[in-house]
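Engineer: Got a structure for you, questions after.
All of the numbers you see were taken from the coordinates with simple rules; none came from a lab. Since the structure is predicted, the reported quantities are computational estimates derived from the model, not experimental observations. Here the Cβ positions follow ideal geometry from the backbone for every residue, glycine too, while neighbour counts run over all protein chains shown.
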Amino acid sequence: MSALLEFITAALGPMGPLVIAGVFGLILILVSLPLLLKKSADPFEKLGGKGSGGFTRASDGNDVAERINLRYDSGGINLAKFDAYLTPKDEKEFSEAALKLTQAGYRSPSAVGNFNFLKMVLGVGFIFIGVIFMFLSGGQPTTTSIALYVLLPGAVGYYLPGYWVERRRQTRQEEIENGFPDSLDLMLVCVEAGQSLDQSILRVSGEIKRSNIPLSEEFEIVANEMRAGKDRVTVLKDMSVRCGVNDISSFVTVLVQSAKFGTSISDALRVYAEEMRDKRVMRAEEKANKLPTKMTLGTMMFTVPPLLIVMVGPSVYDIIIAFGVGQ
């Protein structure tokens, strides 16, 4: 054992035994993760034979049955046994985290636990990688090297999932916002053709599935919840909360008021769809007006220096040559 310790110290330095212990612990964690994350069989799979809950409906004009998922899978990761350690104890904090993940498109019940688990794994993993890289680079560890190689990667790994979720949330909300006027036009056509609002929402969710997946999923959830007997007003308000888009909230308010005062839904949809189209054009014009300002910095960085080099460079060269000859 003494000879082994001497060999490790000679090869990896004074902190060699600690590095070996850390690598061995990381290997044990990686080996045990598949056993801990193994997903147990879903009892609802016995009902349908395939998938995790849901039913099928025939597509219009097709013999192929289209599956509608009513339950959302966690992607094969089962961390229910660690919920006490991975989920916040404060109900308000848990609700805020769950709402943020839902608006980003992660609607599984274990989304908060999986998110916190990923933050922990990436933070610890980046710290291990930083420690290994620091000792392999040689030299005596200092406060600066520890902060640079260990603490900084750990902080990056810990906050990286939050940054990813926020970017995913913004992208999803932008897709919903851009595709919402077209979906309103389709819904107006369905309502004027004689379909009810519930049927129109379900039909629109199928029509826009290829062009706007996030909005199609939201409409499909609304249709399935209303099929299950949930109150329409509650379902629509839940949709506005899940999306987090002001246009959706205004749309829900219009439908609720139309149902409350007994006005025509088609008239309300026609007026609101026209407003949403105008609003989308205004957003496009706003981005177009901002473009020259954003391009100014790029123009200065990539156009002015080459131009100065081409115009002033020969004169500077002649001055340098003349000054050298004069000396």
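Engineer: What percent does the relative contact order of region 178-286 come to when contacts are Cα pairs within less than 8 Å and at least six residues apart?
Structural biologist: It comes to 28 percent, rounded to a whole number.
Engineer: Tell me, what ³J(HN,Hα) does each residue in region 242-253 have, in order and in whole Hz, if you take phi through Karplus 6.51 cos²θ - 1.76 cosθ + 1.60 with θ = phi - 60° and put x for Gly and Pro?
Structural biologist: Values per residue, Gly and Pro as x: 5, 7, x, 10, 5, 5, 5, 4, 5, 4, 5, 4 Hz.
Engineer: Could you derive backbone 3J(HN,Hα) for region 165-180 from the dihedral phi with the Karplus parameters 6.51, -1.76 and 1.60 (θ = phi - 60°), listing whole Hz in sequence and x where the residue is Gly or Pro?
Structural biologist: 5, 5, 5, 5, 5, 5, 5, 5, 5, 5, 5, 5, 5, 6, x, 5
Engineer: ³J(HN,Hα) across region 183-200 via Karplus (A = 6.51, B = -1.76, C = 1.60, θ = phi - 60°), whole Hz, x for Gly/Pro?
Structural biologist: Each residue of region 183-200 in turn: 5, 5, 4, 5, 5, 5, 4, 5, 5, 5, 7, x, 7, 6, 5, 5, 5, 5 Hz.
Engineer: Plugging the Kirkwood radius over Cα pairs into Stokes-Einstein for region 89-128, at a temperature of 37 °C and a viscosity of 0.692 mPa s, what D comes out in µm²/s?
Structural biologist: 302
Engineer: Looking at this model, which pairs from K237/K287; K100/K237; K230/K260 are more than 19 angstrom apart at the alpha-carbon?
Structural biologist: In this structure, K237/K287 exceed 19 Å between Cα atoms.
Engineer: Here is a further query. If you average the C-alpha positions of region 100-114 and of region 253-327 separately, how far apart do those two centres end up, in angstrom?
Structural biologist: Region 100-114 and region 253-327 have Cα centres spaced 34 Å from each other.
Engineer: I need the P(r) histogram for region 167-225: all alpha carbon pairs, bin width 10 Å from 0 out to the longest distance, whole percents.
Structural biologist: Reading upward from the zero bin: 26, 53, 19, 2, 0.
Engineer: A further question follows. With only Lys, Arg, Asp and Glu charged, each at its Cβ (+1 for the first two, -1 for the last two), find how big the charge dipole of region 178-286 is about the Cα centre; round to the nearest 20 debye.
Structural biologist: 240
Engineer: Compute the Cα gyration tensor for region 178-286, then decide on rounded, prolate or oblate, letting a ≥ b ≥ c be the square roots of its eigenvalues: rounded whenever a/c is under 1.5, prolate when a/b is larger than b/c in the other cases, and oblate in all that remain.
Structural biologist: rounded
Engineer: Over the Cα atoms of region 272-327, each weighted equally, I'd like the Debye log10 I(q)/I(0) at q = 0.14, 0.24, 0.28 Å⁻¹, rounded to two decimals.
Structural biologist: Values returned for q = 0.14, 0.24, 0.28 Å⁻¹ are -0.62, -0.90, -0.99.
Engineer: For the charge dipole of region 98-232, defined by +1 on Lys and Arg C-beta atoms and -1 on Asp and Glu C-beta atoms about the Cα centroid, which residue among L151, I221, S108 has the Cα displaced farthest towards the positive pole?
Structural biologist: The Cα lying farthest towards the positive end belongs to L151.
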